[in-house]
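Chemist: If you scroll down you'll find the structure; I have some questions about it.
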Amino acid sequence: MRETLFGDNIFLKKLWQLAVPIAFQNLMLASVAAADALMLGRVTQNSMSAVSLATQIQFIQNMILSAIIAPIVILGAQYWGKKDTKTVNDIFCIGLRLCIGVSLLFFIGCVFFPRYLMLIFTNEEALIVIGIRYLKVAGWSYLITGISQCYLAIMKVSEHAMQTAIVSSGAVLINIVLNAVFIFGLLGVPAMEVQGAATATLIARIIELLWVVRYSYREGYIRPDWSRIFKRNPLLFGDFRRCALPILGASLFWGVGFTSYSAFMGHLGTDATAANSIAAVVRDLVCCLCNGLANGGGILVGNELGAGNLDKGKCYGDRLVKISFLTGFLSTAIMLAVTPFVTGFVKMTDQAQHYLIQMMIIMAFYMIGRTVNTIIINGIFAAGGDTMFDMYSLAVCMWGMAVPLAAAGTFFLNWPVPVVYACTCLDEVGKIPWVMYHYRKYRWVKDLTREL
């Protein structure tokens with residue numbers, strides 16, 4: 001198992017088949033946020049800023065949902081490698097029950113209490129009013145997001161990653177087209193601005209859910225066994241919980257931390273908020289590559305660990321580490337290369353554009369840490385059930401360092417906007433040595449399956 005990175009064609013082919021569709025799926029999902037920002041940016045800067053803040057609610061929801069989806073992928077990949085499809089179906093049912101409950105809570109909050117949610121992120125009344133109009137419509141889409149994400153996760157595990165990319169891409173294209181129609185009032189439809197963006201998202205999510213449900217009835221696909229949807233398997237649920245709880249803690253640490261970054265920018269004025277909104281969209285687009293490698297590589301490693309091939313899983317992990325650093329430097333280069341195009345495309349004030357240029361340069365170097373940590377922590381560590389490390393590292397690096405510094409700079413020390421933004425990027429770069437030290441302990445090399 002000591003072939004060179006580019007000498008094992010089987011590994012590279014498997015990784016390519018998994019990572020590329022998932023990365024493309026993430027790219028298409030991130031494109032929706034990009035389309036919203038660009039189109040609303042053509043309406044008014046405040047519309048773009050308000051929707052960027054409002055969608056932080058969905059960001060938090062997605063963090064919680066990711067803690068449920070991740071065990072579906074982690075345990076599902078290992079049991080799929082063991083060829084135990086019955087247990088994979090039981091894992092699917094557990095995920096569906098939990099995702100439906102979470103989605104219902106966020107739906108209630110966004111539709112019935114939107115003002116209180118917007119007050120978390122900004123004290124600008126103009127932005128609050130616009131955000132309320134967006135959330136009252138978008139909240140309905142949050143109700144069904146968790147269900148479709150469960151279906152997409154189980155499709156990836158069961159070797160249908162390409163189909164997930166097709167579904168997500170189709171839904172995104174529909175969303176973008178409807179964005180243009182509803183925001184600007186094309187084809188005889190009245191211009192709805194921010195409510196139009198929310199309506200487009202809702203329609204696209206409905207189509208996506210119907211699409212994946214239809215796929216699930218095809219031969220070779222997994223659909224939930226409704227006779228077992230409420231049946232508890234204590235051993236399997238215990239394994240699910242042990243994977244999910246640390247991921248939930250890490251997701252909340254990370255999600256609330258990132259949301260607080262947006263809140264800091266929201267309290268630094270509309271120019272800072274607008275610049276941060278665009279920088280976040282670009283970051284999410286560039287991160288699609290490392291997210292795809294983390295998900296695809298994690299499934300690949302998990303398949304081998306679940307099949308009992310621990311040495312092979314370890315070797316695959318070593319190769320993914322090398323790929324993570326190569327991808328990190330590539331992401332930095334991409335970020336620097338696109339900066340002139342991004343700053344010249346969006347309609348912004350001179351001050352907001354100045355902030356955006358500085359944020360893009362800072363973020364270029366942040367991408368090295370973000371890429372390496374994403375692939376190793378969310379891909380390799382998670383594949384073997386080593387999910388606790390992520391929570392510890394976020395508690396120390398994000399909440400012990402980045403968040404306090406950024407908060408102090410925003411509310412007490414009156415630091416310039418770029419300095420506060422740089423503080424929000426410290427955690428990813430700072431924890432690379434810790435991540436590599438933990439990786440070399442190889443505690444993640446574990447078979448999580450059991451006879452059920």
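The values are calculated or read from the model by the stated rules, or taken from the named source; none is laboratory data. Keep in mind that this is a model prediction, so the values were computed, not measured. Positions of Cβ are generated from backbone atoms using ideal geometry, with glycine treated the same way; all protein chains shown enter the neighbour counts. For accessibility, only protein heavy atoms count, side chains too; no ligands or nucleic acids. Shrake-Rupley method; radii C 1.70, N 1.55, O 1.52, S 1.80 Å.
Chemist: Straight-line reach from residue 431: which aspartates and glutamates have a Cα under 18 Å away, not including same-chain ones fewer than 8 places off?
Modeler: Within the straight-line limit of under 18 Å, residue 431 reaches these aspartates and glutamates: 386, 390.
Chemist: Picking from 286, 143, 365, whose Cα lies most toward the positive end of the charge dipole for the chain (charges on Cβ: Lys, Arg +1; Asp, Glu -1)?
Modeler: Value: 143.
Chemist: Per residue of the stretch 386-398, what does 6.51 cos²θ - 1.76 cosθ + 1.60 with θ = phi - 60° give for ³J(HN,Hα)? Whole Hz please, x for Gly and Pro, Karplus curve as stated.
Modeler: These are the phi-based 3J(HN,Hα) values: 7, 9, 6, 4, 4, 5, 4, 5, 5, 4, 7, 7, 7 Hz.
Chemist: Quick one: Karplus J couplings for the stretch 206-211, per residue in order, coefficients 6.51, -1.76, 1.60, θ = phi - 60°, nearest Hz, x for Gly and Pro?
Modeler: Once θ is set to phi - 60°, the couplings for the stretch 206-211 become 5, 4, 4, 5, 4, 5 Hz.
Chemist: Go ahead and estimate [θ] at 222 nm for the chain from helices alone: -39,500 (n - 2.57) per DSSP H run with n ≥ 4, summed, over the residue count, rounded to 500.
Modeler: Here the helix-only value at 222 nm equals -27000 deg cm²/dmol.
Chemist: What part of the accessible area of the chain, given as a whole %, is carbon or sulfur when the probe is 1.4 angstrom?
Modeler: Carbon and sulfur atoms account for 66 percent of the accessible area of the chain.
Chemist: So, one more: List, in order, the whole-Hz ³J(HN,Hα) value for each residue of the stretch 356-364 obtained from phi through the Karplus relation with A = 6.51, B = -1.76, C = 1.60 and θ = phi - 60°; use x for Gly and Pro.
Modeler: 4, 4, 5, 5, 5, 5, 4, 5, 4
Chemist: For a quick check of your reading of the filter: which trypsin sites (Lys or Arg not before Pro) in the stretch 216-290 sit in a DSSP loop and have no more than 15 other Cβ atoms within 10 Å?
Modeler: Sparse-neighbourhood loop trypsin sites (Lys or Arg not before Pro): 218, 231, 232.
Chemist: Can you list the chymotrypsin sites (Phe, Trp or Tyr not before Pro) in the stretch 391-452 that are in a DSSP coil and have 10 or fewer other beta carbons within 10 angstrom?
Modeler: 412
Chemist: Just subtract the alpha-carbon distance of residue 113 and residue 326 from 0.36 nm times their residue separation and send over the number in nm, one decimal.
Modeler: 72.2 nm
Chemist: Got the relative contact order for the chain handy, in percent, Cα pairs under 8 Å and 6 or more residues apart?
Modeler: Across the chain, relative contact order equals 23 percent.
Chemist: Can you tell me which lysines have their Cα less than 22 Å from the Cα of residue 82? Leave out same-chain residues fewer than eight positions away.
Modeler: Answer for residue 82, where 22 Å is the Cα cut-off: 13, 14, 156, 312, 314, 446, listed by chain and number.
Chemist: In percent, how large is the relative contact order of the stretch 82-239, given Cα pairs closer than 8 Å and 6 or more residues apart?
Modeler: 29 percent
Chemist: So if R0 is 35 Å, what FRET efficiency would residue 341 and residue 252 give, r being the distance between their Cβ atoms, rounded to the nearest 0.05?
Modeler: Efficiency, rounded to the nearest 0.05: 0.50.
Chemist: Now for a separate question. With a cut-off of at most 11 other beta carbons within 10 Å, and DSSP calling the residue loop, which chymotrypsin sites (Phe, Trp or Tyr not before Pro) in the stretch 196-230 qualify? Please list them.
Modeler: Answer by residue number: 217, 230.
Chemist: Provide the per residue accessible area, probe 1.4 Å, for the stretch 143-268, rounded to a whole number of square angstrom.
Modeler: 43 Å²
Chemist: Once you mark the GluC sites (Glu not before Pro) that are in a DSSP loop and have at most 16 other Cβ atoms within 10 Å, what is the longest gap between them in the chain?
Modeler: Value returned for the longest uninterrupted segment is 220-450.
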